[in-house]
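All remarks here apply to the structure that follows.
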Amino acid sequence: MERLDKILSSQGICSRKEARKLAADKKIKVNGVIVRKSDIKIDPDNDIIEVGAKRIQYKKYIYIIMNKPEGVLSASNDKHAATVIDLLPEEYQRPGLFPAGRLDRDTTGLLIITDDGDFAHRMLSPKSHVPKEYEALLDEPVTDEDIRILENGVTLRDGTVYRPARIVEIKDCCVRIEITEGKFHEVKNLFAYVGRTVEKLERIRIGGLKSDKNLGRGECRLLSDFEISTVFSSDND
């Protein structure tokens, strides 16, 4: 059981203060009955909530797939720049949303936005070994020796240790690379270690979840339950 005002706030319907006014104005119904107080406790999974003439489809957590564009911050909010949360349509907006696993401002592609902290922690934890695949456009092709170095793991001069990467595919200067950590600037640093510069970088897979080619840059949609589960698989097809 949860407070009605808290539920409405979590769904992005209104603030708790606004919920009190809506209730006082007789604009909220629970199971067809008008409620006058917004602090009553209800069962959001089973009770029917209506605000005005709109029935609220309660979701404890929300999972959004986005095709992140270049030049947008992977952050919940920023005073000086646009964030991925700013790109969400109104119907997806709700308190507590954050990008699960950040992409650099100039990196594009697959991004998951959620308000489920446990899900994000499990996905990002090194212990989970969830692979992330990127497509990198380099200034020069990699050599067989470069591949050997990257696939054996790398230690930078500052002591940063990167686990072995996996080179999935090479087409001239375009390389698909799989990593399991996702440390700050990891892909760029790995290629820099072998003397290559990443000119463009796009994430195309997390676990078994691949980027949606039907989404344009900046577009998003909700993930299905099946798609959410594939994040923790390792489909490399």
Cβ-based charge dipole, the chain, positive-most Cα from GLY96, THR155, ASN214: GLY96
Per-residue SASA entry for THR197, accessible area with 1.4 Å probe, Å² rounded to 10: 80
With at most 16 neighbouring Cβ atoms within 10 Å, loop chymotrypsin sites (Phe, Trp or Tyr not before Pro) (DSSP) excluded, longest segment of the chain: 62-183
For ALA75, distant residues with modelled amide H under 5 Å away: VAL84, ILE85
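Using a 1.4 Å probe and counting only protein heavy atoms, arrange ASP78, ASP43 so the residue with the most accessible area comes first.
Details: ASP78 65, ASP43 45 Å².
From most accessible down to least: ASP78, ASP43.
Got a number for carbon plus sulfur as a percent of the chain's accessible area, 1.4 Å probe? Could the numbers behind the result be given before it?
Values: 6180 of 13130 Å².
C and S fraction of accessible area: 47 percent.
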Å² of accessible area per residue within the stretch 126-215, as computed with a 1.4 Å probe and no ligands counted: 54
Amide H partners (placed H, <5 Å) of ALA100, local residues excluded: ILE112, ILE113, THR114
Separation of alpha-carbon centers, the stretch 126-152 and the stretch 1-55, rounded to whole Å: 50
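The values are calculated or read from the model by the stated rules, or taken from the named source; none is laboratory data. Fair warning: this is a prediction, and the values are worked out from it, not measured in the lab. Ideal geometry is used to build each Cβ from the backbone, glycine not excepted, and the neighbour counts take in all protein chains shown. Calculation scope for accessible area: heavy atoms of the full protein, side chains included, ligands and nucleic acids excluded. Shrake-Rupley method; radii C 1.70, N 1.55, O 1.52, S 1.80 Å.
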